[in-house]
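Peer 1: My questions will all concern the structure given below.
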Amino acid sequence: MSDFLQSIIDRDPAAKSKLSLILTYPGVKAVFFHKLANFFSTAKFHLIARIISQSSRFLTGIEIHPKAKIGKNLFIDHGMGVVIGETSEIGDNVTIYHNVTLGGISPSINSNEQRDVKRHPTLENNVVVGSGAQILGPITIGKNSLIGSNSVVTKNVPEKSVMAGIPARKVGDATKGFKPYAVADEEKE
């Protein structure tokens, strides 16, 4: 838990203490509740898992399906409106800002054919997803990639890519490490 909280302090200049993170950051609470919901989902207590996940959504404004796979040190900053779908997979040290959707693209018809099928994105290690971005379908965002705010990504993204736009296209290479909101003015660095 201490490493998780320190990873947030390292990425957020507004984070003042580990206690403040525990008490006031909705993303920290959402990750904690997800671990609990995921435990019950894995144990096949699906109703209990969904109740926990929906309670977390009510309290935090962040919806994470109990079956989503989340690595270590996920930082959901601000958090309101984040949706992480059932078959999403998130690697280590990923940062997600508010109003991000990791969603599916399949229509809600023939639901039985879609059960136990990968429908949501995979974010590999050290990905940053800017606010409002929509990452849709069973695609992979390569490690160390940056997804710009309000981008719509529907195709695989290679490692160390900076993606922006609707539809998202590669606008550069991510070579300088962590950037809040995924893109920055290069001249100011």
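Peer 1: Name, by its number, the condition in (1) without any contact (Cβ under 8 Å) to a residue 40 or more places away in the chain; (2) farther than 28 Å from Phe4 by Cα; (3) in contact with a Leu (Cβ under 8 Å, 6 or more places away or on another chain) that does not hold for Val117.
Peer 2: Val117 satisfies every listed condition except (3).
Peer 1: Identify the residue in region 145-160 that is of a type in the set (S, T, N, Q) and surrounded by 20 or more Cβ atoms within 10 Å (Cβ to Cβ) and, among all such residues, is farthest from Gly104 (Cα to Cα).
Peer 2: It comes out as Ser145.
Peer 1: Given the condition among the aliphatic types (A, V, I, L, M), farther than 21 Å from Thr122 by Cβ, within 17 Å of the chain's Cα centre (by Cα) and at pLDDT below 95, answer yes or no: does some residue in region 169-186 qualify?
Peer 2: Checked against the condition, which is being among the aliphatic types (A, V, I, L, M), farther than 21 Å from Thr122 by Cβ, within 17 Å of the chain's Cα centre (by Cα) and at pLDDT below 95, region 169-186 yields at least one hit.
Peer 1: Then there is this: With the requirement that a residue be more than 11 Å from the chain's Cα centre (by Cα) and on the phi < 0 side of the Ramachandran plot, what does region 126-140 give you?
Peer 2: Correct list: Leu136, Pro138, Ile139, Thr140.
Peer 1: Here's something else I'd like to know. In region 1-24, how many residues are within 18 Å of His98 (Cβ to Cβ) and touching a residue at least 24 places away in the same chain (Cβ under 8 Å)?
Peer 2: 3
Peer 1: Taking the stated definitions as given, is Ile141 under 23 Å from Ser7 (Cβ atoms), touching a Pro at 6+ places or on another chain (Cβ under 7 Å) and either buried (at least 23 other Cβ atoms within 10 Å of the Cβ) or modelled with pLDDT under 95 (or both)?
Peer 2: Criteria met by Ile141.
Peer 1: For Lys67, are the conditions met, namely being among the charged types (D, E, K, R) and over 23 Å from Gly148 (Cα atoms)?
Peer 2: Here the answer is yes, as Lys67 does meet what is asked.
Peer 1: Report, by residue number, each residue of region 74-94 that is in contact with a strand residue (DSSP E or B) (Cβ under 8 Å, 6 or more places away or on another chain) and of a type in the set (Ser, Thr, Tyr).
Peer 2: Result: Ser88, single match.
Peer 1: Here's something else I'd like to know. So which residues in region 115-131 are assigned to a loop (DSSP other than H, G, I, E, B), surrounded by 17 or more Cβ atoms within 10 Å (Cβ to Cβ) and not polar (S, T, N, Q)?
Peer 2: Once the filter is applied, which keeps residues that are assigned to a loop (DSSP other than H, G, I, E, B), surrounded by 17 or more Cβ atoms within 10 Å (Cβ to Cβ) and not polar (S, T, N, Q), region 115-131 yields Arg119, His120, Pro121, Glu124, Val127, Gly130.
The values are calculated or read from the model by the stated rules, or taken from the named source; none is laboratory data. Here the structure is a predicted model, which means the values were calculated and not measured. We place every Cβ from the backbone using ideal geometry, glycine too, and count neighbours over all the protein chains shown.
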